Amino acid sequence: MKVSEIFQTVQGEGIFTGAVATFIRFAGCSLGCPECDTKYSWKTDDLPDVGAPWIVDKMIDICSRTRHVCITGGEPLEQPKDDIFNLLQILQGWHGSKGLESIVIETNGANDVSWLLDKPFRSITHLSVDFKLPSTGHEGRMVNSNFMKLGPKDVVKFVCKDAGDLAYAGSVLKRMSKSVDSNPTVLFHTTGGLAVNWLPQTILQWEGLLERFDIRIGVQLHKLYDVK
């Protein structure tokens, strides 16, 4: 596995916004979205291949206790599946012995997540799956089946640059609403994580979708507080 960095900070977005969390940021991403705010994590040059035990040792060096772990990127699901599985197995063991409460896996929507849905670590694992919108140029690369299987402990995240992106996100939710197995929390941000009026004003007018999904509108808290 290629690791860009491991650090502890405040969770800036998602269902654990505001929680202190240990981040494992994997390196490499085949999408390369133009508005990505962690472009440095795309680079894999000169990074050694490491295993799950190395990652865990590094986490222990950084913090003596962590309630929440966020696995992010880059794109973590472009790492070898067996290695990610081993890491999650080790972390799941911390649930009882070291007080770990949650694992969030942030993924870009272009990789199949079905292999994660029926594993023992699923009991404390939350999937946060981006649906890339037209402004990224990658909407056609989304694995649509991902969004038909996520439950209420999971998140679908839409990052909207403009009204066109938001309208497209609404059409995606209408498709998702037809699946009885799809019931994730739905999170909206704007590009850059800023607060803009047009986002909530439009969403508040949506009929049917507000009743069907737990829709939340957020900002990127870590940017407001100027932390990593």
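The values are calculated or read from the model by the stated rules, or taken from the named source; none is laboratory data. Remember, predicted model here, so these are calculated numbers, not experimental data. Glycine gets a Cβ as well: all are built from the backbone with ideal geometry, and neighbour counts include every protein chain shown.
Some observations on this one:
- Residue, surrounded by the most Cβ atoms within 10 Å (Cβ to Cβ), within the stretch 170-219, restricted to residues that are among the polar types (S, T, N, Q) and more than 20 Å from Lys153 (Cα to Cα): Thr190
- Residue check, Ser135 in contact with a Gly (Cβ under 8 Å, 6 or more places away or on another chain), closer than 23 Å to Val20 by Cα and at pLDDT 95 or above: no
- All told, Val3 falls short of being of a type in the set (A, V, I, L, M, F, W, C) and under 16 Å from the mean Cα position of the chain (by Cα).
- In the stretch 94-128, residue nearest to Gly32 (Cα to Cα) [restricted to those that are touching a Phe, Trp or Tyr at 6+ places or on another chain (Cβ under 9 Å) and among the small types (Gly, Ala, Ser)]: Gly109
- Residue in the stretch 220-228 that is in a helix (DSSP H, G or I) and closer than 17 Å to Phe131 by Cα present: no
Listed here are the residues, each with its yes/no results for (1) over 27 Å from Glu5 (Cα atoms); (2) touching a helix residue (DSSP H, G or I) at 6+ places or on another chain (Cβ under 9 Å).
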| position | (1), (2) |
| --- | --- |
| Pro152 | yes, no |
| Val159 | no, yes |
| Leu166 | yes, yes |
| Leu209 | yes, yes |
| His222 | no, no |
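- Selected residue (criterion: surrounded by the most Cβ atoms within 10 Å (Cβ to Cβ)) from residues of the stretch 50-65 that are assigned to a loop (DSSP other than H, G, I, E, B) and without any contact (Cβ under 8 Å) to a residue 40 or more places away in the chain: Arg65
- Residue tally, condition under 26 Å from Gly140 (Cβ atoms) and either at pLDDT 95 or above or of a type in the set (Gly, Ala, Ser) (or both), over the stretch 12-24: 1
- Strands (runs of 3 or more DSSP E) completely within the stretch 66-176 that count 3 or more residues being basic (Lys, Arg) and at negative phi: none
- Top-ranked residue in the stretch 4-49 [being of a type in the set (Val, Ile, Thr) and in contact with a Leu (Cβ under 9 Å, 6 or more places away or on another chain); ranked as surrounded by the most Cβ atoms within 10 Å (Cβ to Cβ)]: Ile24
Here is a yes/no grid of residues against (1) out of contact with any Asp or Glu (no Cβ under 7 Å at 6 or more places or on another chain); (2) of a type in the set (A, V, I, L, M):
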residue	(1), (2)
Met1	no, yes
Gln11	yes, no
Thr17	yes, no
Ala21	yes, yes
Cys29	no, no
Asp37	yes, no
Ser41	yes, no
Asp46	yes, no
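- Where Arg175 falls short, out of the listed (1) at pLDDT 95 or above; (2) of a type outside the set (Phe, Trp, Tyr); (3) within 23 Å of Tyr225 (Cα to Cα): (3)
- Residue match in the stretch 210-225 (condition: in contact (Cβ under 8 Å) with a residue 12 or more places away in the chain and at positive phi): no
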